[in-house]
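Right, one structure below, let's go through it.
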Amino acid sequence: MIAVLRSELYRSLTIRSSWVSLAGFAALAALTGWFSEEFWSLFAGLGTFGLAVVLTAQHYQHRTAVLVFLGQPHRLRALAAQFAVAILFGLVLAAVSGISVAASGFTAQYRSTLTAVPLIAVYGVANATIVRRPMWLLAGYLGWLVFVEGLIGRLEEPLPFTSFLFASAGQTKFVLALLAWTAASLPLAAWSVRRDLTGD
């Protein structure tokens with residue numbers, strides 16, 4: 001397991017798109033932090049989700065998943081390593097981009113957001129493992145966020161990103177909702193990671 005984790009971490013750190021995505025999401029989240037701590041939390045969550053999707057789906061997009069699974073035939077271990085790396089990148093993104101939020105006195109929001117980040121990171125990896133197409137997934141969830149959670153749900157219903165937003169404010173009901181969304185995605189990801197790669 002350590003070797004798989006080291007390999008996944010090395011791959012993620014040496015691919016330029018990983019650094020560009022991390023820097024871009026962190027900069028966007030940091031900029032929104034100047035306006036409002038809630039905006040920072042939302043963009044830290046969206047950035048973490050986006051990073052998790054990009055880091056995971058690159059394997060399928062560039063056909064390197066074959067090499068990963070040849071090196072580690074136990075695919076659930078490879079999936080666990082992807083979860084760990086996405087959580088690490090998400091925590092770095094949120095911790096660095098939220099320095100101004102913490103410095104402004106919103107330390108409770110900062111801590112709650114850092115607590116919710118691992119859940120949205122795991123949710124992103126699981127979704128990318130299921131869908132395997134990063135642009136489809138990101139575009140689909142952008143539409144979901146705007147129309148379903150924003151316009152229909154008015155950011156009040158316990159849907160994935162709304163749950164993250166309120167979980168980052170420390171609301172227990174939404175922490176449990178985010179945990180439920182993440183837990184529901186795990187069996188599908190565990191099944192999907194075993195799917196044949198030739199159709200991708």
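Just so you know, all these numbers are worked out from the coordinates, no wet-lab data involved. Small disclaimer: the values here were computed from a predicted structure and weren't measured. Note that each Cβ is placed from the backbone with ideal geometry, even for glycine, and that neighbours are counted across all protein chains shown.
Starting from the Cα gyration tensor of region 83-200, take the square roots of the eigenvalues, sort them a ≥ b ≥ c, and report rounded, prolate or oblate (rounded when a/c is under 1.5, otherwise prolate if a/b is larger than b/c, else oblate).
Working: a/c = 1.98, a/b = 1.51, b/c = 1.32.
Cα axes put region 83-200 in the prolate bin.
Size of the dipole of region 33-164 about the Cα centre, Lys and Arg at +1 and Asp and Glu at -1 on the beta carbon, nothing else charged, in debye to 20? Intermediate results must be reported in sequence, preceding the final value.
Numbers: 7 positive and 5 negative charges, 128 e Å.
Its charge dipole is roughly 620 debye.
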